[in-house]
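**Q** Submitted below is the structure of interest, expressed as structure tokens.
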Amino acid sequence: MDYLQINGGAKLHGNVAVSGSKNAALPILAATILAKNSVRIANLPRVADVRTFLKLIELLGGSCAHCEGEVVVSADRLCGTTATYEIVKTMRASILTLGPLLARFGECRVSLPGGCAIGARPVDLHLKAMEKMGAMIEIAEGYIHAKAPKGLNGTTIVFDKSTVTGSENVIMAAALARGKTRIVHCAKEPEVVQLCEILTQSGVEIEGIGTSELEIDGSGGELLELPPISVIPDRIEAGTYLCAIAMTKSRATVSNMEPKHIVAVTDKLTEMGFDLQIQSDSITISPTERINPIEIVTSEYPGFPTDMQAQFMALAACAEGGSIIEERLFENRFMHVGELVRMGAKIALKGNTASITGMAFLNGADVMATDLRASSALVIAGLGAKGQTRIHRIYHLDRGYERLEEKLGGIGADIARLKE
Ligand code: EPZ
């Protein structure tokens, strides 16, 4: 297995370019199941989860061709309707095939994703919505068996809580349903917006895009003609690199990004004392003498993203004063705390709130990655720590960060990927 070795303290400089968004790419790949044409997709991030999803589409009978840095996905001859446990256990976002497969074939079997390091992550809201649209859902042998032999019907779906992939599943199912579907309390993340924009360009009428209430007029089972797509930039990758530059007290630029997608993040960095020069598709961040402590409560978009919570905790460990971070979306998203404490951070947990004392001088150590974003927090801590940090089990990182060590090395970090 690979591990990352980081010698802390190096100053960063220059420009790091952000890749396409993993969390936009996955629903886009799922949406190709709704297409009667071959779909050309640009700016797909080269990360493990995207490779896994492409493999899933091939297992379902589709094909994926790579040409000139783009991927052409042909799902027109799709025939499979089972997302197997073998695939789903490596990528819980496989649940995104539920809505499209059910809408297209009237039946499908999708392995239950099960929990993960950050929480139970049930899919009850996805299933309730499918039943409301006319599907019969049965759980057996760890699989979701969904049937809608007469197709899905438009209806009103009110989500008890905002769910990103739950919203995306319903949006894709509604695109092929008979009649109109109204979604109340729909997620508003930029990745959900891009999915809606793509479906609109495919001829599906959708009102309320970008708001928490959508109305989707379905095609009645008719497959769609999807346009060529370019995946939006990854806002979490952009935020992660801004934190890395901030941690090393450097001045550098994060480019090929969409600043308006991370206003809650840049707002917090400014509050912590960093200077940010925001251009149309890049941000230059400059150091601050004194990192101010911060208070963060994670919430749905456009609030502070839970996917940036761990990275800010690493930064807060070095702030001049006490910070508070409250995690409101997931019940166990503090797996990085133990590892940061091993590096010298002073953090106390009480329920879903972390109190970070600050003023820590982080020391390099052997640490263990536990989930995607926790891993990136350990990278950030390692960049700012004194001495050497080795981060193990970095397959977690590879799920969502493209060529991280190459990109960080390219702006001056002393980082290498080695074999255990
Ligand atoms: C998406 O996960 C993202 N993944 C996550 O990013 C992100 O952390 C999360 O949204 C929140 O923003 C993708 O988009 C592929 P949710 P998702 O359904 O859709 C509860 C990363 O690091 N819930 O919005 O699975 C759930 O337990 C990943 O890139 C139910 O109770 O998250 C959680 O507490 C990690 N029942 C809350 O809702 C359901 O049926 C929000 O979850 C569905 C969700």
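**Q** Would you give the gap between the C-alpha center of segment 160-216 and the C-alpha center of segment 324-370, rounded to a whole Å?
**A** 35 Å
**Q** Here is a further query. Quick query: amide H of Ile209 versus all other amide H atoms, modeled in the peptide plane; which residues come in under 5 Å with a sequence gap of 5 or more or a different chain?
**A** Close amide H contacts, sequence-distant or interchain: none at all.
**Q** Need the full-extension length gain, Lys386 to Lys128, defined as separation in residues times 0.36 nm minus the C-alpha distance. One decimal, nm.
**A** Difference between extended and current length: 87.8 nm.
**Q** Could you tell me the accessible area of Tyr395 in Å² (1.4 Å probe, neighbours in place), rounded to the nearest ten?
**A** Roll a 1.4 Å probe over it and Tyr395 shows about 110 Å².
**Q** To continue, here is another question. If you filter segment 145-211 for trypsin sites (Lys or Arg not before Pro), then keep DSSP loop positions with at most 11 other Cβ within 10 Å, what is left?
**A** Numbers: sites: Lys147, Lys150, Lys161, Arg178, Lys180, Arg182, Lys188; in loops: Lys150, Lys161, Lys188.
Hits after loop and neighbour filter: Lys150, Lys161.
**Q** Which GluC sites (Glu not before Pro) does segment 225-271 hold that lie in a coil by DSSP with at most 15 other beta carbons within 10 Å? If you can, show how the numbers build up before the last one.
**A** Details: sites: Glu225, Glu237, Glu271; in loops: Glu225.
Of the GluC sites (Glu not before Pro), the ones in loops of segment 225-271 whose Cβ has at most 15 other Cβ atoms within 10 Å are Glu225.
**Q** How would you classify segment 207-289 from its alpha-carbon gyration tensor, with a ≥ b ≥ c the square roots of the eigenvalues: rounded for a/c under 1.5, else prolate if a/b is greater than b/c, otherwise oblate? Show your work: numbers first, answer last.
**A** Details: a/c = 4.00, a/b = 2.52, b/c = 1.59.
It comes out prolate by the Cα gyration axes.
**Q** For Cα pairs less than 8 Å apart in space and 6+ apart in sequence, what is the mean separation divided by the residue count of segment 1-108, i.e. the relative contact order in percent?
**A** Relative contact order here is 26 percent.
**Q** Then there is this: Taking the Cβ of Arg178 as the center, what net charge do the other residues with Cβ under 12 Å away carry, scoring Lys and Arg +1 and Asp and Glu -1?
**A** Residues close to Arg178 contribute a combined charge of 0.
**Q** Mind checking which aspartates and glutamates have their C-alpha under 15 Å from Lys132, skipping anything on the same chain fewer than 8 residues away?
**A** Hits, sequence-local ones excluded: Asp124, Asp160.
**Q** Any idea what the relative contact order of segment 179-278 is, in percent, if you count C-alpha pairs under 8 Å spaced at least 6 apart?
**A** 23 percent
**Q** Counting only other residues whose beta carbon sits under 12 Å from that of Thr155, what net charge do I get with K and R as +1, D and E as -1?
**A** That works out to +3.
**Q** What full-extension length gain, to one decimal in nm, is calculated for Lys55 and Glu141 as 0.36 nm per residue of separation minus the Cα-Cα distance?
**A** 28.7 nm
**Q** May I pose another question? Is the shape of segment 220-266 best called rounded, prolate or oblate, per the rule: a/c under 1.5 gives rounded, else a/b larger than b/c gives prolate, else oblate, with a ≥ b ≥ c the square roots of the Cα gyration tensor eigenvalues?
**A** It is prolate, given that a/c is not under 1.5 and a/b is the larger ratio.
**Q** Please list the non-local residues whose amide H lies under 5 Å from the amide H of Thr248, H modeled 1.01 Å from N, same-chain partners needing a gap of 5 or more.
**A** Sorted by chain and number, the residues that satisfy this come to none at all.
**Q** Something else: Counting every Cα pair in segment 50-204, what percent are over 25 Å apart?
**A** 27 percent
**Q** Hey, another quick one. Exceeding 23 Å between C-alpha atoms, which entries from my cross-link table qualify? They are Lys249/Lys407; Lys150/Lys188; Lys260/Lys350; Lys249/Lys419; Lys11/Lys386.
**A** Lys150/Lys188; Lys260/Lys350; Lys249/Lys419
**Q** I've got another one for you. Taking the Cα-to-Cβ direction at Ser286 and at Ser38 and moving 7 Å from each Cα, how far apart do the two end points lie in nm?
**A** Taking the simple label geometry, Ser286 and Ser38 are separated by 5.0 nm.
**Q** Continuing with the same structure: Can you run phi through the Karplus equation (6.51, -1.76, 1.60; θ = phi - 60°) for segment 392-400 and list ³J(HN,Hα) in whole Hz, with x for Gly and Pro?
**A** Coupling constants for segment 392-400: 9, 6, 7, 4, 4, 5, 5, 5, x Hz.
**Q** If you don't mind, another one. In Å, what is the Rg of the alpha-carbon atoms in segment 132-228, and how long is Dmax?
**A** Here Rg and the maximum Cα pair distance are 13.3, 39 Å.
**Q** Then there's this: Give, in whole angstrom and from largest to smallest, the semi-axes √(5λ) of the equivalent ellipsoid of segment 59-120, with λ running over the eigenvalues of the Cα gyration tensor. Display every interim value, and only then the final one.
**A** Values: eigenvalues 107, 58, 16 Å².
In descending order, the three semi-axes are 23, 17, 9 Å.
**Q** Can you pull the semi-axes for segment 242-391, root of five times each eigenvalue of the Cα gyration tensor, sorted largest first, whole Å?
**A** On the way: eigenvalues 96, 65, 41 Å².
For segment 242-391, the semi-axes come out at 22, 18, 14 Å.
**Q** A follow-up question, please. What does the accessible area per residue of the chain come to in Å², with a 1.4 Å probe and no ligands, DNA or RNA counted? Can you show the working numbers first?
**A** On the way: 16140 Å² over 420 residues.
I get 38 Å² per residue for this part.
**Q** Tell me, in nm to one decimal, what length is gained between Glu222 and Gln5 on full extension, where the rule is 0.36 nm per residue of separation less the Cα-Cα distance? Intermediate values should be presented prior to the final figure.
**A** Working: separation 217, 0.36 × 217 = 78.12 nm, distance 5.19 nm.
That pair, Glu222 and Gln5, stretches by 72.9 nm at full extension.
**Q** Shifting gears a bit: Just add up the charged neighbours of Pro27: K/R +1, D/E -1, any other residue whose Cβ is under 11 Å from the Cβ of Pro27.
**A** Details: positive: Lys22; negative: Glu168, Glu189, Glu191.
Taking every other residue near Pro27 into account, the sum is -2.
**Q** OK, next. At 222 nm, what helix-only mean residue ellipticity would the chain give, in deg cm²/dmol to the nearest 500, using -39500 (n - 2.57) for each DSSP H run of four or more?
**A** My calculation for the chain gives -9000 deg cm²/dmol from helical runs alone.
**Q** With θ set to phi - 60°, apply the Karplus curve 6.51 cos²θ - 1.76 cosθ + 1.60 along segment 33-43 and write out the HN-Hα couplings as whole Hz, x wherever there is a Gly or Pro.
**A** 5, 8, 9, 9, 10, 7, 10, 8, 10, 9, 6
**Q** Do any GluC sites (Glu not before Pro) in segment 100-203 lie in a DSSP loop with no more than 13 other beta carbon atoms within 10 Å, and if so, which?
**A** Filter output for segment 100-203: Glu141.
**Q** A further question on this structure: I need the phi-derived Karplus couplings for segment 45-51: 6.51 cos²θ - 1.76 cosθ + 1.60, θ = phi - 60°, integer Hz, Gly and Pro marked x.
**A** x, 8, 10, 4, 4, 6, 4
**Q** Same structure again: Name the shape class, rounded, prolate or oblate, that the alpha-carbon gyration tensor gives for the chain, where a ≥ b ≥ c are the square roots of its eigenvalues, rounded holds for a/c under 1.5, and otherwise prolate holds if a/b is larger than b/c and oblate otherwise.
**A** Since a/c reaches 1.5 and a/b is larger than b/c, the shape of the chain is classed as prolate.
**Q** Sequence gap at least 6, Cα distance under 8 Å: using those rules, report the relative contact order of the chain to the nearest whole percent.
**A** Averaging sequence separation for qualifying contacts and normalising by length gives 21 percent for the chain.
The values are calculated or read from the model by the stated rules, or taken from the named source; none is laboratory data. All values derive from a computational prediction rather than experimental measurement. All Cβ positions, glycine included, derive from the backbone under ideal geometry; neighbour counts span all protein chains shown. These accessible areas exclude ligands, DNA and RNA; they are computed on the full protein's heavy atoms, side chains included. Shrake-Rupley method; radii C 1.70, N 1.55, O 1.52, S 1.80 Å.
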